[in-house]
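The values are calculated or read from the model by the stated rules, or taken from the named source; none is laboratory data. Computed from a predicted model, the values in this text were never measured in an experiment. We place every Cβ from the backbone using ideal geometry, glycine too, and count neighbours over all the protein chains shown. Just so you know, the surface numbers come from the protein's heavy atoms only, side chains and all, with ligands and any DNA or RNA stripped out. Shrake-Rupley method; radii C 1.70, N 1.55, O 1.52, S 1.80 Å.
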Protein chains: 2
Amino acid sequence: MAEPTKILLDESELPTHWYNVIPDLPEPPPPPLHPGTHQPVGPEDLAPLFPMGLILQEVTGERYVEIPEAVREVYRLWRPSPLYRAHNLERHLDTPARIYFKYEGVSPAGSHKPNTAVPQAYYNAAEGVERLTTETGAGQWGSALAFACAQFGLGCEVWQVAASFTQKPYRASMMRLWGATVHSSPSELTAAGRAVLAEHPDSPGSLGIAISEAVEAALADEQTKYALGSVLNHVLLHQTVIGEEALLQLAKVGDTPDLIVGCTGGGSNFAGLFFPFLREKLAGRMAPSILAVEPAACPSLTKGEYRYDFGDVAGMTPLMKMHTLGHDFIPDPIHAGGLRYHGMSPLLSHLYELGLFEAEAIDQTQCFDAALTFARTQGIVPAPEPTHAIAAAVREAERCRETGESKVILTALCGHGHFDMAAYDAYLSGQLRDHDYPAEAVAEAMARVPVVED
Amino acid sequence: MAEPTKILLDESELPTHWYNVIPDLPEPPPPPLHPGTHQPVGPEDLAPLFPMGLILQEVTGERYVEIPEAVREVYRLWRPSPLYRAHNLERHLDTPARIYFKYEGVSPAGSHKPNTAVPQAYYNAAEGVERLTTETGAGQWGSALAFACAQFGLGCEVWQVAASFTQKPYRASMMRLWGATVHSSPSELTAAGRAVLAEHPDSPGSLGIAISEAVEAALADEQTKYALGSVLNHVLLHQTVIGEEALLQLAKVGDTPDLIVGCTGGGSNFAGLFFPFLREKLAGRMAPSILAVEPAACPSLTKGEYRYDFGDVAGMTPLMKMHTLGHDFIPDPIHAGGLRYHGMSPLLSHLYELGLFEAEAIDQTQCFDAALTFARTQGIVPAPEPTHAIAAAVREAERCRETGESKVILTALCGHGHFDMAAYDAYLSGQLRDHDYPAEAVAEAMARVPVVED
């Protein structure tokens, strides 16, 4: 019997707890601050937007948070997700490295996003909330939340960035199929949207505007709350189910990772993969290198400053200490829409400052080169976001070919690319280009970041 | 521990053999006939189009055909595929029935088609063939073959029906990503295509024209052969891996099916699911009802005549005894493109005549109603084709609610609908309509079917 292609877990091995990395850190992350008073925000400040169950997770000091059985029941529609050994890719690269990828594209929405959408819908439903609002860009998060709301009988209202709403209509179709209402943003439905439209009737929208609309709609109705798909502590917490499973799966084949690599936008998929391995590393049980890969056109970790900034363009969120390119910086339209965010999760930013992982930026053509190789060997068509992690894994495997090292490389394939074929069309027709790091635009945006005394 | 949601098999449980139903039948199916002489065709007649490895499988009398290890290795990229227990759907329907679905959407191409594309590419490569041609409609088969050819280093050239090529460009993107060349059909590249274009420069194409182009291209080059995605015996044989796995999976949870239901176009997915269960039934080890569901707009089994006809519009194939609506009948443009075929697999047609399964036709709006319920409960977005099987399963489960029977229903979810969201858009916006059975067009087409003395 050859070494397996897929390492599967039985449903009885589905993790029972999410892992909270904060108690294991040498120091806790800096608190979010109220935008007016610059004082730490308390649970009550967040209560208009989030249910108390999630707010408590946002600030918890417990190392483990139990996954409610109702959430595990929905997880079982696709979890535990498979860990793949990339035999074909290894052979193609002629490398002694052993490449594993944890595949989250098996979820109904096709990415890791339902890992947090499901508990977010659950805790809201448990507290009597009737409807959730959110924003979405290309639509991965919006479709995940639409799916999760259908599971718990919640209404779901999504503001999708107008450019994506028009150019990639099928993610919105998917949201509607699951029962959500989808609006092109900016919309006439909110004051924030109307203000933009009054000035720019043809505005293509932005994630920042869409956030403002979704937040405004949630605040306007007592039975409605808001959901965010990355960045926050409770989102990263929910995603640790990925890493906990991967730990069990690697143990089944007797391997421990030498390198863990993931792509970062807001950071939740990467964090979800590596936090449980970091716990093992901090306890001295393994010693993997840990690498975040971000797009060269939006390199918040490698080029951003670590300081307090807003999470949204309009400045409606609390101030969060994070790596940022400036809250009103608009990244170039790279195809990895999920990585086009000006900031980085505050928790991940803190870990980066503590030196607990490394980061680098890669250009999108190099990512698509790796994606082509991956698709032709392993079959799966990756979403543009995880091609960043694949590119780094391929490069490391090629390095192993030179050195002869049989390193164990673990990466996250956080979603399939079935709704991103236009990006592959651009690549295959030679129209895909790289975007230089927009130093000037970032400098201008950074000049508008509020000054906060730590 | 609750009853599992997914019944998984280990890779070591992947079937080692495909099952050939023919030796277990009370009489063999009638042979295909040469279109000129009306004499049975021999292996040598098929040699210009197919490699000998597949021709021998087409006519084999062995009950079991070993799956080559190289094919099993590629199968392991997604096989064994999961068998799901549809707990959520059952609860929603408030039924005592136990509904299982075998999910083939986990393959790289998103359907059951790679189950045969992979061995077809393998046997061609093993005999030194360098390139395969094929036709495709919406693109499920073309993308499966493109994937399979990439695995074995074969070139792949696909003629896609022009209407689909234009309206659903992303399946062609997927084929190109896997290295295939894709042409809109009719094309200027073949005499058959040029003849059509000379008369109809704006021809939207048809599967029949595309077959003629792919066959012509294969015949024009010694290193090139042709591949077909359904209908033929060897295709049905390869698909039996589905049913063999499902047998093992149901045994793990101690259930035997009372009803097996699948959708039929050419018939390969349905046959692949039920042939192994039919073996068990003929041996007296179980007694399931077996039901094929076809679209009301293209009901070859329930309304077609059982007689010799061509497999393609142009009359280039051997004459095959099958249920047919007439080889030049053009079905209405229903969304289940994979079920828009004028004929039915000769082997399945023979089994139908022997009374070994039943068939019915269902309208597409009823199918999409069931698909919406399925997507909102189980999460997975089904391709339009398997919604026919889901509709029948839902109806039977509702009947069980009335009678109190806890029947075990097994169905095949042969693919996801990620590339079919336009169909859901039409449904959700109320624009989807049913197509009456076109009795007059069928009668006209049947008048053009050649008369063959049996």
Checklist entry - Taking only the alpha-carbon positions of the stretch A:202-310 and ignoring solvent, what does the Debye formula give for the base-10 log of I(q)/I(0) at q = 0.18 Å⁻¹? => result -1.01
Item to check | Copies compared at residue A:251 - label distances in nm, ascending, label defined 7 Å from Cα in the Cβ direction | outcome: 3.1
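Could you give the DSSP H helices of chain A that reach 27 angstrom or more along their long axis (alpha carbon positions) and whose average Kyte-Doolittle hydropathy is no lower than -1.0? Don't skip to the end; give the middle numbers.
Details: long enough: A:233-252 (29 Å, 0.33).
Helices meeting the criterion: A:233-252.
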Checklist outcome for this item: Gyration tensor (Cα only) of the stretch B:329-454 to equivalent ellipsoid, semi-axes in Å sorted down, yields 29, 21, 13
Checklist entry - What does the accessible area of residue A:407 come to, in Å² to the nearest 10, when a probe of 1.4 Å is used? => result 60 Å²
Checklist outcome for this item: If you rotate chain A onto chain B, the residue of A with its Cβ nearest that axis, and the gap in whole angstrom, comes out as A:418, 2
Next on the checklist: Looking only at the protein assembly as shown, where both bridge partners belong to it, what percent of the DSSP beta bridges are antiparallel (to the nearest 5)?
Outcome noted: 35 percent
Checklist entry - With θ set to phi - 60° and the Karplus curve 6.51 cos²θ - 1.76 cosθ + 1.60, what are the ³J(HN,Hα) couplings of the stretch A:309-315 in order, to the nearest whole Hz, using x for Gly and Pro? => result 7, 7, x, 10, 5, 7, x
Checklist entry - Binned at 10 Å from 0, what are the whole-percent values of the Cα-Cα distance distribution for the stretch A:319-377, short to long? => result 18, 39, 31, 11, 1
Checklist entry - At what distance in angstrom do the alpha carbon centres of the stretch A:59-85 and the stretch B:235-249 lie from each other? => result 32 Å
Checklist entry - So if R0 is 51 Å, what FRET efficiency would residue A:360 and residue B:282 give, r being the distance between their Cβ atoms, rounded to the nearest 0.05? => result 0.25
Next on the checklist: Just checking the output field for B:85-96: average partner chain Cβ neighbours within 10 Å of each residue's Cβ?
Outcome noted: 1
Checklist entry - Dimensions of the stretch A:1-131 along principal axes (Cα, Å, largest first)? => result 61, 35, 23
Checklist entry - Stokes-Einstein D for chain B at 37 °C, 0.692 mPa s, Kirkwood Rh over Cα pairs, in µm²/s? => result 150 µm²/s
Checklist outcome for this item: Amide H contacts under 5 Å for residue A:336, restricted to residues at least 5 apart in sequence or on another chain and with H modeled in the peptide plane, are none
Next on the checklist: Output needed: Cys residues of chain B lacking any neighbouring Cys C-beta below 4.7 Å, sorted by number.
Outcome noted: B:263, B:298, B:367, B:400, B:414
Item to check | Cβ crowding within 10 Å averaged over residues, with B:362-374, A:347-359, B:60-72, A:386-398 ranked highest first | outcome: A:386-398, B:362-374, A:347-359, B:60-72
Next on the checklist: Given points 7 Å out from each Cα along the Cα-Cβ axis, report the residue A:395 to residue B:195 separation in nanometres with one decimal.
Outcome noted: 5.6 nm
Checklist entry - Given label points at 7 Å from Cα along Cα→Cβ, what nm distances, shortest first, separate residue A:197 from the same residue in every other copy? => result 4.6
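Rounded to the nearest 0.05, what FRET efficiency do residue A:251 and residue A:44 give with R0 = 41 Å and r taken as the Cβ-Cβ distance? Could you check? Show your work: numbers first, answer last.
On the way: r = 43 Å, r/R0 = 1.04.
For residue A:251 and residue A:44, the calculated efficiency is 0.45.
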Checklist entry - Looking at the stretch B:251-303 from every direction and averaging, what is the projected area of its Cα convex hull in nm²? => result 4.2 nm²
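Per residue Cα convex hull volume for the stretch A:264-385, in cubic angstrom?
Details: hull volume 13.8 nm³, N = 122.
Expressed per residue, the convex hull around the Cα atoms of the stretch A:264-385 is 113 Å³.
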Item to check | Stretchable slack from residue B:130 to residue B:443, in nm (0.36 nm times residue separation minus alpha-carbon distance) | outcome: 108.5 nm
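Can you flag which of A:102/A:225; B:6/B:407; A:168/B:225; B:113/B:303; B:225/B:303; A:225/A:321 are past 30 Å Cα-Cα?
From A:102/A:225; B:6/B:407; A:168/B:225; B:113/B:303; B:225/B:303; A:225/A:321, over 30 Å: A:102/A:225; A:168/B:225; B:225/B:303.
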Checklist entry - Placing a label point 7 Å from Cα toward Cβ, how far apart in nm is residue B:403 from its equivalents in the other copies, listed shortest first to one decimal? => result 6.7
Checklist entry - What average count of beta carbons from other chains do you get within 10 Å of the Cβ of residues in A:373-381? => result 5
Checklist entry - Any idea how far the Cα center of the stretch B:404-454 sits from the one of the stretch B:295-372, in Å? => result 9 Å
Next on the checklist: Between residue B:305 and residue A:188, what is the label-point separation in nm under the 7 Å Cα-to-beta-carbon projection?
Outcome noted: 5.9 nm
Next on the checklist: Just want to confirm a number: the relative contact order over the stretch B:224-360, from Cα pairs under 8 angstrom separated by 6+ residues, in percent.
Outcome noted: 25 percent
Next on the checklist: Just checking the output field for A:418-430: average partner chain Cβ neighbours within 10 Å of each residue's Cβ?
Outcome noted: 4
Item to check | Descending semi-axes in Å of the protein assembly as shown, equivalent ellipsoid built from Cα gyration tensor | outcome: 48, 28, 27
